[in-house]
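So the structure is just underneath, and the comments pick up after that.
The values are calculated or read from the model by the stated rules, or taken from the named source; none is laboratory data. Source: prediction; values computed, not measured. Using ideal geometry, Cβ is built from the backbone for each residue, glycine included, and neighbour counts are taken over all protein chains shown. Just the protein is used for accessible areas: all its heavy atoms, side chains included, with ligands, DNA and RNA removed. Shrake-Rupley method; radii C 1.70, N 1.55, O 1.52, S 1.80 Å.
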Amino acid sequence: MRNDGISVVAIVIVLLFMSALGFVFSSLIITKQKSAHLPLKSAQAFYAAQAGIEYAIRYACDWEDFDPNSSFSATNSLETGSFSVTYDPVEQNITSTGTAGTATRVISLASFPLYVAGGGITLDPDPENLPYQDPAQGEQKNICVPTLNNYDYDIYIFRIDLAKEGGKQARLDQIRLGDTTVWSGNKVDVSTNPDSPTPFPFNQVTYYTMAPGESLDRIEVRATAEVSGTWHLTFHYSRQTDLSDPETSTMTFIIS
């Protein structure tokens, strides 16, 4: 009888231990199932933020009046989440926040204008350095356009295209980058059609070197007649001194 009692007690202890073990395992399984969606939501939030960066680039490329000196923001919903993007014109970066459920991921892209068509060389973002007209002697007028090289490497500019809409047709005598005369001529007409600008391949130097992050306080275009209107300026440049693999950057500004 005593041995039988001990056996019953042992069986009860084993059953209690197995029950406790089963409870622990079932709790772990439930916890794992509840937490399994967290990495998934985090990944979905990351992809939503990435989609926001791509959306912002396309948005700015398709936006004809995109101004790297002005802020903008946009939001959009996806099947698995949403994103919101904000552009900072001072830092010139874009920040995209992706959300999926309770998960949030943030991605920032520096030098955003570089990724926008024609954004390699831009107008100087300093609001005090706007394009302006600097009257010269007699009928000569200088258009001064402060610009910035957004790249982190040297570029070699070898040609500038110009077109002007509005007012009388302008005629050019000279183009200077900083203190360097890169082109000179005799009252060459400037196109009035931005889709077919007048090319000005440099004839005073082979190319002009613009250092990474360099800001030209003035690109001086010396013209005759009226220069007020909307100007379209396109740089042709290369990363190599042999001017292979040329690229372009276009900017639009108004001279009043």
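For the stretch 186-199, in order, what is each residue's ³J(HN,Hα) by Karplus, 6.51 cos²θ - 1.76 cosθ + 1.60 with θ = phi - 60°, in whole Hz (x at glycine and Pro)?
10, 6, 7, 5, 9, 4, 9, 10, x, 7, 9, x, 7, x
Which order do Tyr47, Tyr207 take by accessible area at a 1.4 Å probe, largest first?
Tyr47, Tyr207
Given H placed 1.01 Å from N in the peptide plane, which residues other than close sequence neighbours of Tyr151 have an amide H under 5 Å from its amide H?
Gly213
Between Arg218 and residues 5 or more places away or on another chain, which pairs have amide H atoms under 5 Å apart, with H built 1.01 Å from N, and which residues are they?
Counting only residues 5 or more places away or on other chains, the set is Thr147, Gly178.
Using θ = phi - 60° and the Karplus relation 6.51 cos²θ - 1.76 cosθ + 1.60, list the HN-Hα couplings for the stretch 100-108 in order, rounded to whole Hz, with x at every Gly or Pro.
Rounded to whole hertz, the list is 9, x, 9, 8, 9, 10, 10, 10, 10.
Separation between the Met18 and Ser108 pseudo-spin-labels, each 7 Å from Cα along Cα→Cβ, expressed in nm?
5.9 nm
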